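Just so you know, all these numbers are worked out from the coordinates, no wet-lab data involved. Just so it is clear, the model here is predicted, and its values are computed rather than measured. No Cβ is skipped: glycine too gets one built from the backbone with ideal geometry, and neighbour counts run over all protein chains shown.
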Amino acid sequence: MTTVGDAKRDEAMARAERNADARWKEAAYRVGKVCARFRVSFTSEDILIALEEEGFTTHENRALGPVMRRLVLEGVIEKFEPDQFEKCKRPSRNSGVTRRWRSRIYSGFVRGG
């Protein structure tokens, strides 16, 4: 059953996706798949940090929500059960928390390791 909150969340995600730069979205998806391939688990913040290192920025980080949903729907990542969260690394997040995602495609190979 869809709640009013679910509907509002879905509309906000759709709006963020519509307004996000197409190149940024594709870069975020690519980085998300790379994270999943080479890490057992990671956060959306790990993706944002990697994007910034590659020179990709966006005016609205919530645009990453639809990218994460796409990764879930395509079977690349999944939520931990029970949920796992950790403190954000970026100072701009003021010690907020972010979800940790489990890779479903981890290859076992660690770069540089």
Item to check | Long-range amide H partners of I77 with built H, under 5 Å | outcome: V72, R104
Next on the checklist: Using amide H atoms built in the peptide plane, which far-off residues or other-chain residues are under 5 Å from T43 H to H?
Outcome noted: W101
Checklist entry - For a label point 7 angstrom out from the Cα of S41 toward its Cβ, which stretches of the stretch 76-104 have the backbone nitrogen within less than 11 Å? => result 79-86, 99-103
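Per 0.36 nm of contour for each residue apart, how much would the distance between E53 and R30 grow if the chain were fully extended, relative to their Cα-Cα spacing?
Stretched fully, the E53-R30 segment lengthens by 6.9 nm.
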Checklist entry - Considering only DSSP states other than H, G, I, E and B, which GluC sites (Glu not before Pro) in the stretch 44-113 qualify as loop sites with at most 14 other Cβ atoms within 10 Å? => result E54, E60, E74
Next on the checklist: Modelling each spin label as a point 7 Å along the Cα-to-Cβ direction, I'd like the N19/E81 distance in nm, to one decimal.
Outcome noted: 3.5 nm
Next on the checklist: Taking θ = phi - 60°, what integer Hz values does the Karplus form 6.51 cos²θ - 1.76 cosθ + 1.60 yield along the stretch 61-67, in sequence order, with x for Gly and Pro?
Outcome noted: 5, 5, 5, 6, x, x, 5
Checklist outcome for this item: Labelled set (i) 13.4; (ii) 14.8; (iii) 15.6; Kirkwood radius over Cα pairs in Å computed from this model equals the value at (ii)
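Once you keep just the Cα pairs under 8 angstrom separated by 6 or more residues, what percentage relative contact order results for the stretch 4-103?
Answer for the stretch 4-103 is 32 percent.
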